[in-house]
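The values are calculated or read from the model by the stated rules, or taken from the named source; none is laboratory data. Since this is a predicted model, take the numbers as computed values, not measurements. A quick note on method: Cβ atoms are made from the backbone with ideal geometry, for glycine too, and the neighbour counts reach across all protein chains shown. Note: areas computed on protein heavy atoms with side chains; ligands, DNA, RNA excluded. Shrake-Rupley method; radii C 1.70, N 1.55, O 1.52, S 1.80 Å.
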Amino acid sequence: MLTIQYRDWIRDVPDFPKPGILFRDITPLLGNGSVYQQAIAELAERVRAWGADVIAGPEARGYVVGAPLAATLGLGFVPVRKPGKLPYTTVSVTYDLEYGQDRLEIHSDAIQKGQRVVVADDLLATGGTMSATIELVRKLGGEVVGAAFFIELKALEGRSRLGDIPIHTLVQYES
Ligand SMILES: O=P(O)(O)OC[C@H]1O[C@H](OP(=O)(O)OP(=O)(O)O)[C@H](O)[C@@H]1O
Ligand SMILES: Nc1ncnc2[nH]cnc12
């Protein structure tokens, strides 16, 4: 594999979606087939050792990491969605964001008791989205065995909200 500096494929957008937020935009990375492919392959190789049965990820950017990760590993993918989007019976939780508050839902039959679940998203900031995703998985009886991200914003200390769950990230920013 070529060494790719993933950071070169992430664009910084100041003051989006609110003044004071430095948005880490992954669309340049997603837009380049070989960079995207390698990012998923690298993350998949690290995640493989966790021996997951299924991958779960939150809407929307969690899908562009979680779904290809699941397909690469030959696993199913469970979508975690914003309210009112899932058609079957759901379980839900409310959570805080770096820039607001929201609610997430999962299908009540999406995970079987005792299944080993890896949770995936594009970015770990405050950890609010991922801790809500983890709470949903646990409500269904799943065991969260790891969390995978393209990006970690270390200053926001999202790791501390994930307890002792092992974490893999491709790119870490200090702030
Ligand atoms: O660690 P946190 O502070 O929770 O922030 C990280 C979350 O924020 C973003 O999603 P967003 O809610 O902006 O939704 P989107 O994926 O639909 O853009 C990002 O994709 C993560 O899911
Ligand atoms: N700074 C940031 N950049 C991109 N996505 C985010 N989600 C939460 N904080 C973010």
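Worth pointing out:
- Toward the positive end of the charge dipole of the chain, with +1 on the Cβ of Lys and Arg and -1 on the Cβ of Asp and Glu, the farthest Cα among Q101, A60, G114 is that of G114.
- Region 89-175: relative contact order as a whole-number percent, Cα under 8 Å and 6+ apart: 28 percent
- Only helices reaching 20 angstrom along their own axis (Cα) with mean Kyte-Doolittle hydropathy no lower than -1.0 count here, and for the DSSP H runs of the chain these are 33-48.
- Residue range of the chain that is longest and free of trypsin sites (Lys or Arg not before Pro) which are both DSSP loop and sparsely packed (at most 14 other C-beta within 10 Å): 1-84
- Candidates L30, P87, T126 compared by Cα position along the dipole of the chain: farthest toward the positive end lies P87, with charges placed on Cβ.
- Percent accessible area from carbon and sulfur atoms, the chain, protein chains only, probe 1.4 Å: 49 percent
- Rolling a 1.4 Å probe across the protein heavy atoms gives region 8-173 an accessible surface of 45 Å² per residue.
- Rounded, prolate or oblate (a/c below 1.5 giving rounded, otherwise prolate when a/b exceeds b/c) for the chain by Cα gyration tensor: oblate
- Under the combined filter of DSSP loop state and at most 11 neighbouring Cβ atoms within 10 Å, region 77-175 retains these chymotrypsin sites (Phe, Trp or Tyr not before Pro): Y88.
- Rounded to the nearest 20 debye, dipole of the chain from Cβ charges on Lys, Arg, Asp, Glu: 300 debye
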